[in-house]
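J.: So that we are looking at the same thing, I have put the structure below in structure tokens.
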Amino acid sequence: MPFHNLQELRHSASLATKVFIQRDYSDGTICKFLTKFPAELDSRIERSLFEETVKTLNCYYAEAEKIGSQSYLEGCLACATAYIIFLCMETRYEKILKKISMYIQEQNEKIYAPRGLLLTDPIERGMRVIEISIFEDSGSTSSSSTGSSPSSATAQ
Amino acid sequence: MLDGRRAPRRMKNREYQQIDPQALATPPPRPPPEHMPKRARRKWEVFPGKNRFCCDGRIIVARQSGVLPLTLALIVLTSGLFFIFDCPFLVEHLTGCIPAIGGVLFVFVIISLLQTSFTDPGILPRATPEEAADIEKQIDNPTGLSSSYRPPPRTKEVVINQQVVKLKYCFTCKIFRPPRTSHCSLCDNCVERFDHHCPWVGNCVGKRNYRFFYTFIVSLSFLTAFIFGCATTHLALRSQGGNGLVVALQASPASALELVVCFFSVWSIVGLSGFHTYLVAANLTTNEDIKGSWSGKSGNEDVGNPYSYNSIIKNCCSVLCGPMPPSLIDRRGFVPSDDSVQTRPVEIELPAAKNDINMEKDCLDFALSCAG
């Protein structure tokens, strides 16, 4: 598929559908996403790439929510200062969220946009889902059974 | 101005309606550019829950914050009387540490109270229309696209730690609630790890502000007990040396008032602290404890709670010292005027009628493909 970068994707493609990767609650309330490969992506991306992305994201979230010495230190320090420190300092979780955001951007640029897909950062959807938007090239007829608008004349 | 306005009604139906696939296929017809809002609005202004926002979205409170001023007034008044009337006498007769200790406790109480009240408790944002439609697709609905029909209650089961947990579908937020999440009807939000809605604090107590709430009630217990003790000591010292208690009371009526307030509050607050200490040690929420979610089934001890680490210390640490999760509702972010991942903005000029006809046809195809 001929999308070379994210800009092109946004301006010349039409949204066909969105796929939602749901949360995996089998380990409790920690943030983790299902690695089950959705059928709609079958023709668009290799299964291994998709699973790699989701597993890496799960690792990032696990690291953010890990209860270890660093989080204890942060928690006790915060308690001792009556939690005022949360107003001044960026928490470890927020730092990792920034890393996740950059990772998703990088994945989009390198892997997903060239295949006509776009990942949305889960934090923008309340950490409930990973939203993957599937785009169709506006010039071609849509191969999937979705309602992209075929009457677009020129893309630019 | 500062009050958050409610979301446009398109997101919240009075009665349940099947999600319209038209919302998924193509966006609604876009207004001409001159009707676009002149300034970008922040997300708190279109927040659909019943919360109110101050300081341009930095502070969040529930709509009914009626008792919070009373709580603050009681604490400030009693502490004020303590510092003004009891402290000078006690510093003179006992030690100068007393106002210092009282001061530290007072600061802790006020700060943790304000943080409990003004922090987002862990509100889950509502589902976007596409998400809601996707969930609808996954649930069998043999009656099709009928409106004004409430489908049967929906649940999903997951296995957590060898325990079956039922996840319920929230009709207001249009999501399957994560485990331990509950919908607060006062605030009209789903809140993660929902404990309870505290009227004294004027906010829900949930995942993000539970530690502030716990600090508040524990430090308030200490403060109340401390003031009670100091006032008693003050009156006791005054009534020594030949004076009676009545003379002492006449000399320092404020102490009597403090005694009364503290006497009635200390029982409930210390009791509440004890109860919440138990909850923290068992990694339970008030909601779960009241409903008896994990107990009373077969009389076994805590074997039912799948979230417990089965170690008091680990439970306490995870609840009170765990990492601070971020706020999911992004109050101060801007409402996107055109969503960057949706179909392209107004650059593409299409005759409106032709667009509608194609849209209808596409939607019909889509609806048939959903049903088929």
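The values are calculated or read from the model by the stated rules, or taken from the named source; none is laboratory data. These figures come from a predicted structure and were not determined experimentally. Counting neighbours? That spans all protein chains shown, and the Cβs are built from the backbone with ideal geometry, glycine included. Please note that ligands, DNA and RNA were not included when accessible areas were found on the heavy atoms of the full protein model with its side chains. Shrake-Rupley method; radii C 1.70, N 1.55, O 1.52, S 1.80 Å.
J.: Output needed: percent of Cα pairs per 10 Å distance bin for segment B:164-219, bins running from 0 to the one holding the longest distance.
T.: Spelled out per bin, shortest first, that is 23, 49, 23, 5.
J.: Moving to a separate point now. Return the average number of partner chain Cβ atoms within 10 angstrom of each residue Cβ along peptide A:96-107.
T.: The shielding value for this peptide is 0.
J.: Along Cα→Cβ, 7 Å out, is where each label goes; now give me the distance between the ones at residue A:98 and residue A:84 in nm to one decimal.
T.: 2.4
J.: Between segment A:81-104 and segment A:108-130, what's the alpha-carbon centroid distance in Å?
T.: Spelled out, the Cα-based centre of one part sits 21 Å from the other.
J.: What residues of segment A:89-103 lie in the reach of a label at residue A:73, counting those whose backbone N is under 13 Å from a point 7 Å from the Cα along Cα→Cβ?
T.: Zone members listed by number: A:92.
J.: Please give the FRET efficiency for residue B:264 paired with residue A:36, using the beta carbon to beta carbon distance and R0 = 51 Å, rounded to the nearest 0.05.
T.: 0.35
J.: Quick one: ranking A:74, B:258 by accessible area, 1.4 Å probe, largest first, what do you get?
T.: A:74, B:258
J.: Roughly how many nanometres apart are two label points built 7 Å out from the Cα toward the Cβ at residue B:70 and residue B:101?
T.: 3.1
J.: What quantity of accessible surface, computed with a 1.4 Å probe and excluding non-protein components, is buried in total between chains A and B, in Å² to the nearest 100?
T.: 4300
J.: 7 Å from Cα along Cα→Cβ at both residue A:123 and residue A:110: what's the point-to-point distance in nm?
T.: Placing both labels 7 Å beyond Cα along the Cβ direction yields 2.1 nm.
J.: What number comes out for the charge environment of residue B:79, summing +1 per Lys or Arg and -1 per Asp or Glu over other residues with Cβ under 14 Å away?
T.: -2
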